[in-house]
1. Out of everything in the range 23-70 that is in contact (Cβ under 8 Å) with a residue 40 or more places away in the chain and hydroxyl-bearing (Ser, Thr, Tyr), what residue ends up being farthest from Ile10 (Cα to Cα)?
2. Name the one entry in Glu41, Glu25 that is exposed (fewer than 15 other Cβ atoms within 10 Å of the Cβ), over 27 Å from Arg140 (Cα atoms) and outside the structural domain of Gly126 (by TED's automatic domain parsing).
3. Name the residues in the range 36-81 that are assigned to a loop (DSSP other than H, G, I, E, B) and of a type in the set (Val, Ile, Thr), would you?
4. Can you tell which of Lys101, Lys105 is basic (Lys, Arg), farther than 11 Å from Ala7 by Cα and in a loop (DSSP other than H, G, I, E, B)?
5. Identify, please: which residue in the range 122-135 is surrounded by 14 or more Cβ atoms within 10 Å (Cβ to Cβ) and over 12 Å from Ser145 (Cβ atoms) and is, among those, farthest from the chain's Cα centre (by Cα)?
6. Gly32: modelled with pLDDT under 95 and farther than 30 Å from Ile130 by Cβ, yes or no?
7. Could you check the range 84-118 and list, in sequence order, the residues that are closer than 22 Å to Tyr58 by Cβ and buried (at least 17 other Cβ atoms within 10 Å of the Cβ)?
8. When you go through Arg52, Arg65, Arg73 one by one, which is the residue that is outside the structural domain of Ala120 (by TED's automatic domain parsing), farther than 18 Å from Ser22 by Cβ and in contact with a helix residue (DSSP H, G or I) (Cβ under 7 Å, 6 or more places away or on another chain)?
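The values are calculated or read from the model by the stated rules, or taken from the named source; none is laboratory data. This structure is a prediction, so every number in the text was calculated from the model and none was measured. Here the Cβ positions follow ideal geometry from the backbone for every residue, glycine too, while neighbour counts run over all protein chains shown.
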Amino acid sequence: MTASELAAKILDSMLGHLGIASEIEAQETSDGTCLQIFSSEKETIIGNNGDRLDDIQYLVNRILRRQMPDAGRVRVDCEHFRSMQEDQLQEEVRELVELVKSQGKTYKMRPLNAYYRRLAYNVIAGEEGISATSPSGDDRLKRISISPK
């Protein structure tokens, strides 16, 4: 059994124990395996701003690593919720970059987890005359400051 098959089985079992009927589709992406959940109960799975989806993804990866220590990280998404969130975040970053360029002021983003901060930094990296920083520390959510160089 491959890691993606095992991860899909773990996810299916978790959702089954929660009484959630769903279909799971494994997709191979440039970032690795993504398990896409299709269900009539997507609001229940996603939670508030994706927090429940984050928890499900965390648990799937923890269980997967116990059974297959060398398995790569698996993303869990529900009806492309994460993809849409990522697109919105990238657009938000582009708008803030344009504000910084036009007004010459520093702007802070909303608190982001490490994955979303990485996406934001990737957008900012291609911009001339703009720098970005986030505070050091062990906080899970941090704000990126976007400022002119």
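1. Ranking the qualifying residues of the range 23-70, first place goes to Thr29.
2. Values: Glu41 fails: exposed (fewer than 15 other Cβ atoms within 10 Å of the Cβ).
That would be Glu25, the only listed residue that is exposed (fewer than 15 other Cβ atoms within 10 Å of the Cβ), over 27 Å from Arg140 (Cα atoms) and outside the structural domain of Gly126 (by TED's automatic domain parsing).
3. Val74, the sole residue that qualifies.
4. Checking each option against the conditions leaves just Lys105.
5. Only one residue fits best here, namely Glu127.
6. Values: modelled with pLDDT under 95: yes; farther than 30 Å from Ile130 by Cβ: no.
In short, no.
7. Gln85, Leu89, Leu112, Tyr116, Arg117
8. Arg73
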